[in-house]
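Following: one structure in structure tokens, then a few remarks.
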Amino acid sequence: MDFAFDARTEELRAKLLAFMDEHVHPAEAVAERQRAALDSPWLTPPIVEELKAEARRQGLWNLFLPDAEYGAGLTNLQYAPLAEITGRSPQLAPTALNCAAPDTGNMEVLAQFGDERQRKQWLEPLLAGEIRSAFAMTEPEVASSDATNIETRIERDGDEYVITGRKWYISGAMNPDCKIFIVMGKTDPEGADVRRQQSMVLVPRDTPGVEVRRAMRVYGYEDHYHGGHAEVVFDRARVPVSNLIGEEGGGFAIAQARLGHADQPHAVVDPAGAEPGLG
Ligand SMILES: Cc1cc2nc3c(=O)[nH]c(=O)nc-3n(C[C@H](O)[C@H](O)[C@H](O)COP(=O)(O)OP(=O)(O)OC[C@H]3O[C@@H](n4cnc5c(N)ncnc54)[C@H](O)[C@@H]3O)c2cc1C
């Protein structure tokens, strides 16, 4: 296989390196100063919006998304060297380019498995960088690295699903801009096929019964720039059945698709390894 950068990658690399020098690195100290003056450590420094506007203007936007209809349509081979460059300023650059976890994986899920209404309501504002999102799978009571263990219940009641469960290490949830959760739970806990028991539903943050309970430390620190990692409780939270992503029983397969490469951008973006997990 030829790993040499092709013409498009070279062009984007040059553009991105200039963007980093002219905009991102000079913004680092400004962002720190602004952050110190904010009312909450979970708010985003205003300069990030300026960086986003400039990145978008320059076409350095949604580079992570291989789907050409919604994103830049780059292959992994084209995107990886760009992610490596954004990793030189991990607090600012991935967000500036709308290429930050966990939104990246969540946007991929919506682009790949969401229906038209879900894409309009949630993918479009995510692609525009107007909101953030979270992916809620891990649970304190079970070994969550095996998704068949997940215990959160997604029970059908008429035209609604009722979600009950407790999640933790949910990246990004402390950021008030995080407006939507993709929640993994079980719709058929007794089903014979343990990989068809799970489903994924979209749960808006403002749904009654959703509580972002507390920020958690990971490796000894709270990740203020990226919305932290939170414990989130779903106490009989109700959403319309149309919030199901894909089909009932399809959650495990979607998780495999989403998580299969989720840590790859992290590994590249953050060589210090400060952000593993369900990116
Ligand atoms: C920075 C960070 C961000 C994260 N972000 C998110 C997020 O946004 N959303 C989310 O849902 N989660 C998130 N997580 C949680 C993370 O993905 C989980 O911690 C991970 O999937 C492992 O699950 P667990 O913690 O339950 O560990 P476990 O599943 O309990 O595993 C712990 C260890 O035990 C081993 N093990 C498990 N089962 C067995 C067995 N049967 N036999 C032998 N060994 C076993 C595992 O291999 C592992 O080494 C994040 C974690 C970190 C560190």
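The values are calculated or read from the model by the stated rules, or taken from the named source; none is laboratory data. Not measured: the values here are computed from a predicted model. No Cβ is skipped: glycine too gets one built from the backbone with ideal geometry, and neighbour counts run over all protein chains shown. Calculation scope for accessible area: heavy atoms of the full protein, side chains included, ligands and nucleic acids excluded. Shrake-Rupley method; radii C 1.70, N 1.55, O 1.52, S 1.80 Å.
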- [ ] Kindly state, to the nearest 0.05, the FRET efficiency for L17 paired with E69, given R0 = 30 Å and r defined as their beta-carbon distance.
- [x] 0.60
Open item on the list: Given points 7 Å out from each Cα along the Cα-Cβ axis, report the R195 to D146 separation in nanometres with one decimal.
Closed with: 1.4 nm
- [ ] Determine the alpha carbon to alpha carbon distance for each of K52/K179; K15/K179; K52/K120 and list only those over 24 Å.
- [x] K15/K179
Open item on the list: How long are the semi-axes of the equivalent ellipsoid of the stretch 7-99, taking √(5λ) for every eigenvalue λ of the Cα gyration tensor, in whole Å from largest down?
Closed with: 25, 13, 11
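Would you mind counting up the charge near L17? Only other residues with Cβ under 14 Å from its Cβ, with Lys and Arg at +1 and Asp and Glu at -1.
Details: positive: R13, K15, R88; negative: E10, E11, D21, E22, E84.
Counting the neighbours of L17, the net charge comes to -2.
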TODO: Along each of the three principal axes of the Cα atoms of the chain, give the extent in whole Å, ordering the values from largest to smallest.
DONE: 55, 48, 33
Open item on the list: What number comes out for accessible area per residue over the stretch 73-232 if the probe is 1.4 Å? Units Å², please.
Closed with: 40 Å²
TODO: Pull out the extension gain between D39 and D177, defined as 0.36 nm times the separation in residues minus the alpha carbon to alpha carbon distance; nm, one decimal.
DONE: 48.2 nm
Task: Helix-only [θ]222 nm of the chain, DSSP H runs n ≥ 4, -39500 (n - 2.57) each, per residue, nearest 500 - done: -8500 deg cm²/dmol
TODO: Could you please state how large a percent of the accessible area of the chain is carbon and sulfur, counting protein chains only and using a 1.4 Å probe?
DONE: 50 percent
- [ ] Could you sort 123-130, 216-223, 91-98, 14-21 so that the peptide with the highest average Cβ count within 10 Å comes first and the rest follow in order?
- [x] 91-98, 123-130, 14-21, 216-223
Task: Label point distance in nm, R214-D115, each placed 7 Å from Cα along Cα→Cβ - done: 3.9 nm
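What is the calculated FRET efficiency for Q256 to R236, with r their C-beta to C-beta distance and R₀ = 22 Å, to the nearest 0.05?
0.20
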